[in-house]
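The values are calculated or read from the model by the stated rules, or taken from the named source; none is laboratory data. Quick caveat, the model's predicted, so the values are computed rather than measured. Ideal geometry is used to build each Cβ from the backbone, glycine not excepted, and the neighbour counts take in all protein chains shown. SASA here: full protein model, heavy atoms, side chains in, ligands and nucleic acids out. Shrake-Rupley method; radii C 1.70, N 1.55, O 1.52, S 1.80 Å.
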Amino acid sequence: MKKIAVFILSAIASLSCSNAQVKEFSKETMTKKLVQTDNSQVSFKDILKKNKGNVTVIEIWASWCGDCVKAMPKVKEMQTNNPNVNYVFISMDKAYDKWLAGIDKHELKGDHYWVTDGMKGEFGKSIDVDWIPRYIILDKNGKIVTYRAIETDFESINATLKTLE
């Protein structure tokens, strides 16, 4: 019985640690290159630098993702209710042209970047992408406030944004 109790406590402790809030991006993540809509490259570090001084929501999405498309009305509502927040969309689309078509089709307002190697590539692994859409919230200093929110977390995302404005 003691062994079972120790096992359960160990499992709970390890799960709790694995879900700990990340407070900053790794050096590896900062150096990753993403593609801009004009097909030029930019480092993730420079994307963050561009948005410093503003509360920023980063959405990781893809045009082929049903849950991402389903969440678009909530994203647009969030943008309407939080007009002073910067929005950065990072796509995990498989092709450049599909990504650009998705931006136009869904009329996404914000800055757009494409990860060329998808969710399971280097950038996706470096920020622990295991589900999309995924939202990351940064404060005005560029510090991570929320590292992992998904489409069912809009109430929490909106509450967090209200505290940061």
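Residue by residue, here is whether (1) basic (K, R); (2) under 15 Å from the mean Cα position of the chain (by Cα) holds:
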| position | (1), (2) |
| --- | --- |
| K70 | yes, no |
| N81 | no, no |
| I103 | no, no |
| H112 | no, yes |
| Y135 | no, yes |
| I144 | no, yes |
| I150 | no, yes |
| K162 | yes, no |
Within region 59-94, residues within 16 Å of G118 (Cα to Cα) and among the aliphatic types (A, V, I, L, M) come out as I60, A62, I90, M92
Residues of region 83-95 being in contact with a strand residue (DSSP E or B) (Cβ under 8 Å, 6 or more places away or on another chain) and of a type outside the set (A, V, I, L, M), in sequence order, are N86, Y87, F89, S91, D93
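For region 142-165, what are the residues that are among the charged types (D, E, K, R) and open to solvent by 60 Å² or more (accessible area, probe 1.4 Å)?
Of all residues in region 142-165, those among the charged types (D, E, K, R) come to 143, 148, 151, 153, 155, 162, 165.
Result: K143, R148, E155, K162, E165.
For every residue, the table says whether it meets (1) closer than 28 Å to K27 by Cβ; (2) open to solvent by less than 70 Å² (accessible area, probe 1.4 Å).
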| residue | (1), (2) |
| --- | --- |
| M78 | no, yes |
| L100 | no, yes |
| H112 | yes, yes |
| M119 | yes, yes |
| P133 | yes, yes |
| K140 | yes, no |
Given the conditions (1) modelled with pLDDT of 95 or more; (2) under 16 Å from the mean Cα position of the chain (by Cα); (3) closer than 22 Å to K140 by Cβ, every one holds for K23 apart from (1)
Cβ pairs under 8 Å, 6+ apart, first in region 126-138 and at positive phi and in contact (Cβ under 8 Å) with a residue 60 or more places away in the chain, second surrounded by fewer than 22 Cβ atoms within 10 Å (Cβ to Cβ) and of a type in the set (A, V, I, L, M, F, W, C):
D128/V22
Mind listing whichever residues of region 35-64 are within 14 Å of the chain's Cα centre (by Cα), closer than 20 Å to A101 by Cα and not acidic (D, E)?
I58, I60, W61, A62
Among the residues of region 80-95, is any acidic (D, E) and open to solvent by 10 Å² or more (accessible area, probe 1.4 Å)?
no
